[in-house]
Every structure is written in C-alpha cells, then in structure tokens.
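Novice: Just passing along the structure, written as structure tokens.
Laboratory data are not the source of any read-out in this text; all were calculated from the coordinates shown. In this text, all values refer to a predicted model and were calculated from it rather than measured experimentally. For neighbour counting, all protein chains shown are included, and Cβ atoms are generated from backbone atoms with ideal geometry for every residue, glycine included.
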Amino acid sequence: MESLPCQGCRGLCCGPVSITEREWKKIKKKVKSMPRLKRQELESQTRFYGTCIFYDVENDKCGIYSARPDVCQKFGYYKGLACFRKPEFATKNLPDNNERYIGTLSVDFTWKDLH
C-alpha cells in the first residue's frame with residue numbers, strides 16, 4: 001500500500017484534532033515521558049491557527065506519533081478523512097465510535113493543560 005505524501009504539508013491537515021478522554025490520557029502520558037528539551041522545543045514552535053499543538057513544524061511531522069489520536073491514524077484512508085493530495089486512498093468506511101469526544105487539540109486543549 002502506498003503511503004500519504006505527508007512531507008511538505010506543514011501540518012495543514014493536522015487540525016483541528018478531536019480527541020476522546022482515553023486519547024487525552026495517552027497523550028498526557030506520552031508528553032510526560034518526553035525529554036524536557038524535546039518537549040520545550042515542540043511547545044515553543046509557532047503553528048498555523050487550529051493546527052494540532054503536537055505538530056512538529058521544524059521537522060514536518062507529528063511530535064507524539066506513537067500516541068497520536070485515532071482520527072490521525074485513520075486520516076487519508078477513510079471516507080470523510082481524505083487527504084487533499086491523495087483523495088483516492090480514502091476508500092474505507094469509518095467504524096462506529098461509541099467514545100465521546102471531549103474537545104480538540106489547539107482549541108480546547110493547549111500546552112497550558114499539560115503543565
């Protein structure tokens with residue numbers, strides 16, 4: 001299977017990112033385990049408004065990749081979550097999700113919520 005052309009998008013697809021309570025707990029655990037310098041570098045970056053607070057602008061990638069929310073894992077491969085550069089990859093139907101979303105990263109949850 002081909003992969004999405006994520007390099008060069010500069011996080012334009014990374015937001016707003018809706019998360020569940022389970023995902024927020026996983027993200028907080030990931031951030032807590034990050035080396036302090038890496039966390040500070042990620043936190044201090046300037047992003048486009050609405051872009052996920054964990055998008056690493058300097059390295060053009062997700063700063064919490066192993067703990068990224070479900071919507072990020074599905075992006076580009078599921079109908080309704082198509083990548084604008086490779087919309088033909090979005091062929092799968094989204095499964096039912098019974099979890100309640102608690103907000104979005106960058107709007108409802110910011111780095112201040114992690115201090």
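Novice: If we scan segment 100-112, do we find a residue that is free of Cβ contacts under 8 Å to residues at least 40 places away in the same chain, over 16 Å from the mean Cα position of the chain (by Cα) and under 26 Å from GLU43 (Cβ atoms)?
Specialist: Within segment 100-112 (the criterion being free of Cβ contacts under 8 Å to residues at least 40 places away in the same chain, over 16 Å from the mean Cα position of the chain (by Cα) and under 26 Å from GLU43 (Cβ atoms)), the answer is yes, since at least one residue qualifies.
Novice: Looking at GLU21, GLU43, can you tell me which residue is out of contact with any strand residue (DSSP E or B) (no Cβ under 8 Å at 6 or more places or on another chain), closer than 17 Å to LEU114 by Cβ and touching a residue at least 60 places away in the same chain (Cβ under 8 Å)?
Specialist: Result of the check over GLU21, GLU43: GLU43.
Novice: Counting only residues that are in contact with a Leu (Cβ under 8 Å, 6 or more places away or on another chain) and under 15 Å from GLY8 (Cα atoms), how many does segment 32-65 have?
Specialist: 3
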